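I have placed the structure first, in the form of structure tokens, so that the comments after it can refer back to it.
The values are calculated or read from the model by the stated rules, or taken from the named source; none is laboratory data. As the structure is a prediction and not an experimental result, all values here were calculated from the model. Here the Cβ positions follow ideal geometry from the backbone for every residue, glycine too, while neighbour counts run over all protein chains shown.
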Amino acid sequence: MRVDRRHEDGGRIVLRPVGDLDIATAAVVQDALDAALDLPDTVELVVDLAEVPFLDSTGVAALLRGAAEAVGRGARFRVVDPQPVVARVLRITGVDSLIGLAPRHQSPSAVDPDAPAA
């Protein structure tokens, strides 16, 4: 598992994990979320799941914790572009409505900053 980080205009940070997000890798993603939120200019954190083919409960927990941390620090949090299996996990657990899930193939820059989210 690796997590690529991209800085965009307006304080938006895009994280793109690559690989399965499960018990063996959730800490890597959590560390990347924490590091992005520790940056002083972060106003929005976007997690792009296009390269995550599998998500288990520890991965879901990492995303929920990241969303809670972002809100606690006054930042917006969004998850975009999940693969179908990952999107299904987020939907059936009800997490999709809590983390600002955007549909597959919607670029992080296209996410409506005024839409309700975590």
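Could you go through region 37-50 and let me know if any residue there is modelled with pLDDT of 95 or more, among the charged types (D, E, K, R) and crowded, with 17+ Cβ neighbours inside 10 Å. Yes, because at least one residue in region 37-50 is modelled with pLDDT of 95 or more, among the charged types (D, E, K, R) and crowded, with 17+ Cβ neighbours inside 10 Å. For D56, the conditions (1) modelled with pLDDT of 95 or more; (2) under 20 Å from A75 (Cβ atoms) all hold with the exception of (2). Among the residues making up region 55-73, those that are more than 14 Å from the chain's Cα centre (by Cα) and over 17 Å from D31 (Cβ atoms) are D56, S57, G72.
Out of A61, A24, A50, A35, one residue alone is in contact with an Asp or Glu (Cβ under 6 Å, 6 or more places away or on another chain) and of a type in the set (G, A, S). It is A50. Return the only residue of G19, G74 being surrounded by fewer than 16 Cβ atoms within 10 Å (Cβ to Cβ) and at pLDDT 95 or above. Exactly one residue qualifies, and that residue is G74. Scanning region 8-28 for residues that are over 14 Å from the mean Cα position of the chain (by Cα) and within 13 Å of R76 (Cα to Cα) gives G10, G11.
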